[in-house]
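Below is one structure, written out as structure tokens, with a few remarks after it.
The values are calculated or read from the model by the stated rules, or taken from the named source; none is laboratory data. As the structure is a computational prediction, the values presented were derived from the model and not from experiment. Cβ atoms come from the backbone with ideal geometry, glycine included; neighbour counts cover every protein chain shown.
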Amino acid sequence: MNRDPRDLQRYTAPERANHWLVGICFILLALSGLALFHPAFYPLAQLFGGGTWARILHPYIGVVLAICFAALFVRFRALNVMAPTDWEWLRRMREMAAGDDHTMPAQGKYNGGQKLLFWIMAACVALLALSGVIMWRAWLNLPVDLVRVAAVVHAAAAAVMIGFIIVHIYAAIWTKGTIRAMWYGTVTRAWAKQHHRAWYRQITGDQR
Amino acid sequence: MALQSLDIASRSATTTPSPSMRETAEVAKLIDVSTCIGCKACQAACMEWNDLRDEVGRNSGVLDNPRDLSAASWTVMRYAEVEEGGKLEWLIRKDGCMHCADPGCLKACPAPGAIVKYANGIVDFQEENCIGCGYCITGCPFNIPRISQKDGKAYKCTLCSDRVAVGMEPACIKACPTGALQFGSKEQMKDYAAERIADLQQRGFQNAGLYDPPGVGGTHVMYVLHHADRPQLYRELPANPTISPLVALWKGVAKPVAAAALGLVALGSLFHYVVKGPNEVSKEMEKEVEE
């Protein structure tokens, strides 16, 4: 589909599909996981057909997420290597959050915050997958001391991941013109130049 | 089933009080290891009353049969051959749920009402609410609950809560031929144990004593041990069982802290938008790229 021919392609269809698979799995995992974590969230288990179904489905959805995330990791790993300007961006994030982004350093395809999120997500998914398998009583019965460590790691990594995903989703809502990149892959030239100037220069050749 | 005659002191994954108007005396089972002959009448009685038939296993050359607790074997005799002072001692311990005053299973359980502790001290699994996650196994300091391969639910000794509710003693107590198993109020059982311990000490077991571990708030199944200073002799009976600090962290402070932190992140995001407004592409930038 061609809207404005001057729009810039930010994500290919396979990249978007991959991200959505991870996103859907994450939402299902967060809802069923919270249900098993705190009684206040236990009613969420009804979305899965009750507590027993939530318990049965959660680890299988986790396996799907781990595989899909691994694919996403391979796709975007090289683009998320931290550079000195990224650390500067992170140090000055307060100005950014205050709504004053005019003096922020020019960012490539991803800014420092996005890159940091990428690595935090990779660490969380790795920890969650490993600890989750250790806790999977339907298939495994490992030494109880190991399972106890896994339970704490799983809960902690999940809380960190859910917290950062809330910020991730909010950042996309806050920065207007962003969500379309994940729906149909394109962004406007103005959006690219304002938020990711170095990337804009690189793909348009416009050096202003 | 939660019997109305047994008032509920605590209920898994429940943050409000449970019905607890009536006060019931705490009960206890006392297992006098020094008078147990290892006949397994208690195992047979448990099977019979609870209508359980475990799979027939294999003879592995020792008396332990079945070899371990299972979803259909809620009590097993564990036999230990120990050399003490140049003499062989045959220590036989009836293993099963200890009915802790502070139950790790109940603390760990995420399903509301799948585990209850009655006012009389009995800790009971309510399988109709069990989701089969196995957190009770992770929480238990005694390695007691077992998940059934057949229905995915957790099972363990009920201390015959159904019999106790109507004024009867548990089936294992009824069947014991030597009086090694006693049942009554926890106070009575402690008094009875004190007599047994005095007798054992007189007969040369200076370290005889009662096993009622304070780390789990005491238990409603207690042992009289000839070597109370070394419970590990009795097939790894833990010396000082407590709810693991990891389980206490996971199912204690972590729950409100994580829930509050996530709530704050969500609310913080919302109010950031309300206060600062959206981060829109500026009009100047739109003009700039038109050129």
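Going through B:Lys186, B:Lys153 one at a time, which residue ends up being within 14 Å of another protein chain (Cβ to nearest Cβ) and within 20 Å of the chain's Cα centre (by Cα)? Lay out the reasoning, then the answer.
Working: B:Lys186 fails: within 14 Å of another protein chain (Cβ to nearest Cβ).
Residue meeting the stated conditions: B:Lys153.
Do you know which residues across the stretch B:248-257 are surrounded by 13 or more Cβ atoms within 10 Å (Cβ to Cβ) and free of Cβ contacts under 8 Å to residues at least 12 places away in the same chain?
Filtering the stretch B:248-257 down to residues surrounded by 13 or more Cβ atoms within 10 Å (Cβ to Cβ) leaves B:248-252, B:254-255.
B:Leu249, B:Ala254, B:Lys255 - these are the residues of the stretch B:248-257 that are surrounded by 13 or more Cβ atoms within 10 Å (Cβ to Cβ) and free of Cβ contacts under 8 Å to residues at least 12 places away in the same chain.
If you check B:Ala239, B:Ala260, which single one turns out to be assigned to a loop (DSSP other than H, G, I, E, B), free of Cβ contacts under 8 Å to residues at least 60 places away in the same chain, out of contact with any Gly (no Cβ under 7 Å at 6 or more places or on another chain) and more than 7 Å from chain A (Cβ to nearest Cβ)? Quick ask: steps written out before the conclusion?
Working: B:Ala260 fails: assigned to a loop (DSSP other than H, G, I, E, B).
Criteria check complete, one pass: B:Ala239.
Do we find that B:Pro141 is closer than 19 Å to B:Leu249 by Cα and surrounded by fewer than 24 Cβ atoms within 10 Å (Cβ to Cβ) in this structure?
Values: closer than 19 Å to B:Leu249 by Cα: yes; surrounded by fewer than 24 Cβ atoms within 10 Å (Cβ to Cβ): yes.
Against the criterion (closer than 19 Å to B:Leu249 by Cα and surrounded by fewer than 24 Cβ atoms within 10 Å (Cβ to Cβ)), B:Pro141 qualifies.
Looking at the stretch B:280-288, is at least one residue touching a Phe, Trp or Tyr at 6+ places or on another chain (Cβ under 8 Å) and at pLDDT below 95?
We begin by selecting, within the stretch B:280-288, every residue touching a Phe, Trp or Tyr at 6+ places or on another chain (Cβ under 8 Å); these are B:281.
Next cut, at pLDDT below 95 only: B:281.
There is at least one residue in the stretch B:280-288 that is touching a Phe, Trp or Tyr at 6+ places or on another chain (Cβ under 8 Å) and at pLDDT below 95.
For every residue, the table says whether it meets (1) in contact with a helix residue (DSSP H, G or I) (Cβ under 6 Å, 6 or more places away or on another chain); (2) in a helix (DSSP H, G or I); (3) within 15 Å of B:Asn50 (Cα to Cα).
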site	(1), (2), (3)
B:Ile137	no, yes, no
B:Ile144	no, no, no
B:Arg163	no, yes, yes
B:Glu187	no, yes, no
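Whether any residue in the stretch B:244-253 is within 14 Å of chain A (Cβ to nearest Cβ), in a helix (DSSP H, G or I) and among the basic types (Lys, Arg) is what I want to check.
Our first condition is that a residue be within 14 Å of chain A (Cβ to nearest Cβ); within the stretch B:244-253, this holds for B:244-253.
Subsequent filtering for residues that are in a helix (DSSP H, G or I) retains B:245-250.
Imposing the further condition that a residue be among the basic types (Lys, Arg) reduces the set to none.
No, the stretch B:244-253 contains no residue that is within 14 Å of chain A (Cβ to nearest Cβ), in a helix (DSSP H, G or I) and among the basic types (Lys, Arg).
Given the stretch A:103-208, what helices (runs of 4 or more DSSP H) lie entirely inside it while holding 1 or more residues that are under 30 Å from B:Cys136 (Cβ atoms) and free of Cβ contacts under 8 Å to residues at least 40 places away in the same chain?
On the way: elements: A:112-134, A:144-174, A:179-183, A:189-195, A:197-204.
It comes to A:112-134, A:144-174.
For residues that are surrounded by 13 or more Cβ atoms within 10 Å (Cβ to Cβ) and more than 10 Å from chain A (Cβ to nearest Cβ), tally how many sit in the stretch B:263-291.
The total comes to 0.
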